[in-house]
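Structure first, then comments.
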Amino acid sequence: MSWKLGGALSALVLLASAGSGMAEGELNIYNWGNYTNPELIKKFEETHKVKVTITDYDSNTTALTKVKAGGHGFDIVVPSANYVPIFIKEGLLLETRPDQMPNFKNVDKKWVDVSWDPGRHYTVPWQWGTTGVAVNTSAYAGDPNTSAIFLDPPKELVGQVNVVPEMADVMALTIMYAGGKPCTDDKDLLRKVRDILTAAKPKWRSMDYGMTEKLSNSDVVATVNWNGSTFRARLKNPKVVYGYPKEGYPVWMDSVAVLADAKNVENAKLFQNFIMDPENAALISAFARYANGIAGSDKFMPEEMKTAPEIVVPDAYKAAGTFLPTCPKATQDLYTAIWTELQK
C-alpha cells in the first residue's frame, strides 16, 4: 500500500469517527469555571449518547499542573493560546487532527493557521476575548481605560480593587503599563514591574476569581477581568463598564484539546467536531459571552452580542491589544519569581 493511499484511508477513518452519531460512553472535560453552557452539553449528550462530566479549574497554571501530575481522568482540556505550546512540548496533548474533521470547514480563516497550533493539528477554537478592567460607575466615574485602575488606584477605589490571580494576564498588563512588551526579559524593566505590583497590592481588596456575580451584585466595584465575564455582569447591573487599558491589554483564545492519556478519545474527537458547528459554537458564546472562532455562528447568537462594547473593541483601543506569546522558560521563570513574591 502506498503512503499516500494509507494516508487517505486514515483520513477517511478519522472523518467517519468524527462525524458519527453512534458513539456512547463517557467524556470528562476539564475547563475553566462558569465557562461551559449546560445546553451545549445536553445537546451533545443527546446527539451522541455520551455522558459528560465537567470539572472546573481557575487558571492555566492550575490546569497544567494537574494534567502533568497524571491520574486525573480527564479527556479534554481548554488551555489559552500561550499555554498550548507548553502542553504540546510536554507531550500532554493528542494530535487529533481537527483540520481533517468534517466541521473544520467552519473555522474562521484567521483562526486556522495560528502560531500556537499551526494548521490546527491539536486544538479547536472555544472562545476568544480580552483581559482588561471592570469598574462600577457608581463608585468611580473616571476613565476606566487604563491599568492604573489596579496599579495606581484612584482614591475612590483604594481598598476596593480585585485582581484576578491569572499570572500571565496580570504580568502582561503590568509590563505594558511600565512601557514594555509581553515576554520581555529586560531585568531593569522587570524590577520596575515588581515595584509597581508591590506598591499596588496594599491598595487592593483581594486577589480572587469569579467576578461575574460579585460585579453584578456590587460586592466588588473594580477588578482586572475578562470581557465576557464583565458583559454578563453588565447585563444584570448597567453600572458595570469594561475598560480597555490604553497602555496595552492581552488578547487571548482558549482552545479545546484532547489529552494524551485520555480514556475516551473517540468521544473527545466527536466533541471537537461538534463545537465547530456554527449553531453549537453560538451556544458556547451565548452562555459565557465571548466571541468564538467559528464562521457563521453570529446568526445564531443573541442580538445584544453583535454590538456589545465588551465584544466590539472601540477603534480607539484596538491597537493596544496584544496576543500573548508563549514566553521562553527562562523568561517565564523570572515572571514566576515576581508573582511568587507578590503572593507573600
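The values are calculated or read from the model by the stated rules, or taken from the named source; none is laboratory data. Since we're looking at a predicted model, the values are computed, not measured. For neighbour counting, all protein chains shown are included, and Cβ atoms are generated from backbone atoms with ideal geometry for every residue, glycine included. SASA here: full protein model, heavy atoms, side chains in, ligands and nucleic acids out. Shrake-Rupley method; radii C 1.70, N 1.55, O 1.52, S 1.80 Å.
Within region 111-121, can one find any residue that is assigned to a helix (DSSP H, G or I), under 30 Å from Asn280 (Cα atoms) and at pLDDT 95 or above?
Step one: list which residues in region 111-121 are assigned to a helix (DSSP H, G or I), which gives 111.
Of the ones still in play, those that are also under 30 Å from Asn280 (Cα atoms) are 111.
Keeping just the survivors that are at pLDDT 95 or above gives 111.
Yes, the conditions are met somewhere in region 111-121.
Give Leu173, Leu189 a once-over and let me know the one that is more than 23 Å from Pro314 (Cα to Cα) and either aromatic (Phe, Trp, Tyr) or open to solvent by less than 60 Å² (accessible area, probe 1.4 Å) (or both). Explain how you work it out, then say what you get.
Working: Leu173 fails: more than 23 Å from Pro314 (Cα to Cα).
From the options Leu173, Leu189, the qualifying one is Leu189.
Please verify whether region 212-225 includes one or more residues that are among the small types (Gly, Ala, Ser), open to solvent by 10 Å² or more (accessible area, probe 1.4 Å) and not in a loop (DSSP other than H, G, I, E, B).
Of the residues in region 212-225, the ones among the small types (Gly, Ala, Ser) are 216, 218, 222.
With the extra rule that they be open to solvent by 10 Å² or more (accessible area, probe 1.4 Å), the set shrinks to 216, 218.
Checking which are not in a loop (DSSP other than H, G, I, E, B) leaves us with 216.
Yes, because at least one residue in region 212-225 is among the small types (Gly, Ala, Ser), open to solvent by 10 Å² or more (accessible area, probe 1.4 Å) and not in a loop (DSSP other than H, G, I, E, B).
Within region 89-106, the presence of at least one residue that is among the hydrophobic types (A, V, I, L, M, F, W, C), at pLDDT 95 or above and assigned to a strand (DSSP E or B) is confirmed. Residue count for region 226-255, restricted to those that are in contact with a Leu (Cβ under 7 Å, 6 or more places away or on another chain), hydrophobic (A, V, I, L, M, F, W, C) and open to solvent by less than 10 Å² (accessible area, probe 1.4 Å): 2. If the condition is being in a strand (DSSP E or B) and open to solvent by 20 Å² or more (accessible area, probe 1.4 Å), then region 45-80 contributes Lys51, Thr53, Ile54, Thr55, Asp56.
Among the residues of region 192-211 satisfying the criterion of being small (Gly, Ala, Ser) and outside any loop (DSSP other than H, G, I, E, B), which is surrounded by the most Cβ atoms within 10 Å (Cβ to Cβ)?
Ala200
Taken over region 300-343, residues that are over 25 Å from Val84 (Cβ atoms), at pLDDT 95 or above, open to solvent by 30 Å² or more (accessible area, probe 1.4 Å) and assigned to a helix (DSSP H, G or I) amount to 5.
Condition test on Thr184, is it of a type in the set (Val, Ile, Thr), modelled with pLDDT of 95 or more and closer than 30 Å to Leu235 by Cβ? Reasoning before the result, please.
On the way: of a type in the set (Val, Ile, Thr): yes; modelled with pLDDT of 95 or more: yes; closer than 30 Å to Leu235 by Cβ: no.
So Thr184 fails the test.
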